[in-house]
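To keep things clear, I will list the structure first and then write my remarks on it.
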Amino acid sequence: MAQRCALDIQNGSYVNLGIGIPERVAAYVPQGREVIYHTENGMLGMGPPPEPGTGDPELINAGKQQVTANPGAAYFHHADSFAMIRGGHLDVCVLGALQVSERGDLANWSTGAPDAIPAVGGAMDLVAGVKTVYVITQHTTRDGEPKLVESCTFPLTGLGVVDRIYTDLAVIDVVEAGFQVVELSPGVSFESVQERTGAKLIPGGTDGS
Amino acid sequence: MINKEVSSVAEAVADILDGATVMIGGFGEAGSPIELIHALIDQGATNLTVVNNNTGTGEVGLAALIKAGRVSTMVCSYPRSANSKVFPELYRSGHTALELVPQGTLAERIRAGGAGIPAFYTPTAVGTPLGEGVERRTFDDRDYLLVRGLTADVALIKGRAADRHGNVVYNKTARNFSPLMAMAAKTTIVQAASVVPIGELDPEVVVTPGIFVHRVVAVPNPGHEAELVAAGVSYP
């Protein structure tokens, strides 16, 4: 999923990758494309993790892991960092999801469980401001419940914000009419994806899906 | 002569009152002014409202302040992390309340507070539980929420270097909320790894101009939260 998503990261783009699988997108961006990574805690030009023993505990990413600064990097405070986000200056962000609705609503910060400690971080700001919002997620939950649904039941992160979804089964765009299949994973049929989706899929893939 | 330098962290935090709102710089451990927080624990002020992105880890720094029972309300965006054990317990017991604010809204509220702007409109959190019951307005066909600027009695900040005028530079991603908090507090207290002679900081690279800073204290070898937590340190 991260590998497929990386193909859509264009040369010259400013990109924010969410914690977890989205972070892995960076490793697969095709050679020859120069991409500048933003981490919302305050850096453009984020590089890979440091060699063991060479890191600085004050040079970290949004997941609080040590990273490096690429040549040409810049540090800035949080108001500037979120001006980049909310002000529409970032081209792409890639996030995980609990649910996505056919209108592009995203739920990814809380299951609404009464005993959970609510925590949102920068997710609501990212989806409100970044030009293109990609989601990487398994197509269904561990229990086989669809994560792509007509209407989210978990608390929302943003309304009508998701542009494209990369799952283990397909690449799906959120268009005016709903979920449109762009591409199926090898050996996967449109019907089997439809069975595992909680909303109607629109065929439309260039690969015959 | 203007000299904002004080001789100890104890002196720097001596007049913080019970019930104060205290902004504490840092994102995770990057920029966390651990020595100032420990001095505040020793000083004893309680019933504090603390503004920080997180709630600390282990039992040092911010987590130790919470564990000591001094914090009645946390204002933050992400009170969960792998080693954050103290806050969940006091939150569930009802001792410490939580005001959850999206990270960018939190940053801008602090910036606005420091810039004399009482409220502003933001698109963040429209249509979400955090936007429920919040005043809304539509501009150019898009909905926005009205949120308030945020100010504080005190800000505790960690810098890499400062001078006696209160000019501050930071270390890498340790900058995060600190320049905003410095603007938003009535009394801004900076611990700096080095306090340098006037004129040594290049005016082109000063991040927080001294007008926003009231006290500077040298803390030459600040502790690192993850190292202290890994070593099992518990403060006090």
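Derivation of every value follows stated rules applied to the coordinates shown; laboratory data play no part. Just so it is clear, the structure is predicted and the values come from calculations on it, not from any experiment. Cβ coordinates were reconstructed from backbone atoms using ideal geometry, including for glycine residues, and neighbour counts include every protein chain displayed.
Annotations
- Each residue of the stretch B:170-184 was assigned a 3J(HN,Hα) from its phi angle through the Karplus expression (A = 6.51, B = -1.76, C = 1.60, θ = phi - 60°), giving 10, 10, 6, 7, 6, 5, 4, 7, 4, x, 6, 5, 4, 6, 8 Hz with x at Gly and Pro.
- Under 5 Å between amide hydrogens, built in the peptide plane, is the criterion, and for B:ALA152 it picks out B:ALA185, B:LYS186 among residues at least 5 positions away or on other chains.
- Each principal axis of the stretch A:2-202 carries a Cα extent, and these read 49, 43, 33 Å when sorted largest first.
- Dividing the mean sequence gap of close Cα pairs (under 8 Å, 6+ apart) by how many residues the stretch B:32-86 holds gives a relative contact order of 41 percent.
- Charged neighbours of A:ALA26, selected by a Cβ distance under 13 Å, balance to 0 (K, R count +1; D, E count -1).
- Close amide H partners of B:ASN171, meaning residues 5 or more places away or on another chain with modelled amide H under 5 Å apart, are B:ARG160.
- Helical runs assigned H by DSSP (4 residues or longer) give chain A a calculated mean residue ellipticity at 222 nm of -3500 deg cm²/dmol, each run adding -39500 (n - 2.57) before division by the residue total.
- For chain B, the gyration tensor built on C-alpha atoms gives an oblate shape. Its axis ratio a/c (a ≥ b ≥ c) is at least 1.5, and a/b is not larger than b/c.
- Summing Lys and Arg as +1 and Asp and Glu as -1 over all other residues whose Cβ lies under 13 Å from the Cβ of B:GLU227 gives a net charge of -4.
- Overall form of the stretch A:142-209 per C-alpha gyration tensor (a/c, 1.5; a/b vs b/c): oblate
- Sorting A:LEU148, B:LEU150, A:LEU98 from the fewest to the most surrounding beta carbons within 10 angstrom yields A:LEU98, B:LEU150, A:LEU148.
- Summed side-chain charge close to B:ARG175 - residues other than B:ARG175 whose Cβ falls under 12 Å, Lys, Arg +1, Asp, Glu -1: +1
- Under Karplus coefficients 6.51, -1.76 and 1.60, residue-wise ³J(HN,Hα) of the stretch B:100-114 in Hz, glycine/proline x: 8, 10, x, 4, x, 5, 4, 4, 6, 4, 5, 4, 4, x, x
- Here the relative contact order of chain A, from alpha carbon pairs under 8 Å that lie six or more residues apart, stands at 17 percent.
- Each residue of the stretch B:39-51 was assigned a 3J(HN,Hα) from its phi angle through the Karplus expression (A = 6.51, B = -1.76, C = 1.60, θ = phi - 60°), giving 5, 5, 4, 4, 5, x, 4, 9, 6, 7, 9, 10, 10 Hz with x at Gly and Pro.
- For B:ALA97, residues with placed amide H under 5 Å, excluding near neighbours: B:THR73, B:MET74
- Volume of the Cα convex hull of the protein assembly as shown, divided per residue and given in Å³: 157
- Antiparallel bridges, percent of DSSP beta bridges restricted to the stretch A:2-202 (to nearest 5): 55
- Cross-link pairs A:LYS64/B:LYS4; A:LYS64/B:LYS158; A:LYS64/A:LYS147; B:LYS67/B:LYS158 - those with Cα-Cα distance over 24 Å: A:LYS64/B:LYS4; A:LYS64/A:LYS147
- Note on A:THR141, B:THR188, B:THR57, A:THR132: ascending count of other Cβ atoms within 10 Å places them as A:THR141, A:THR132, B:THR57, B:THR188, the fewest first.
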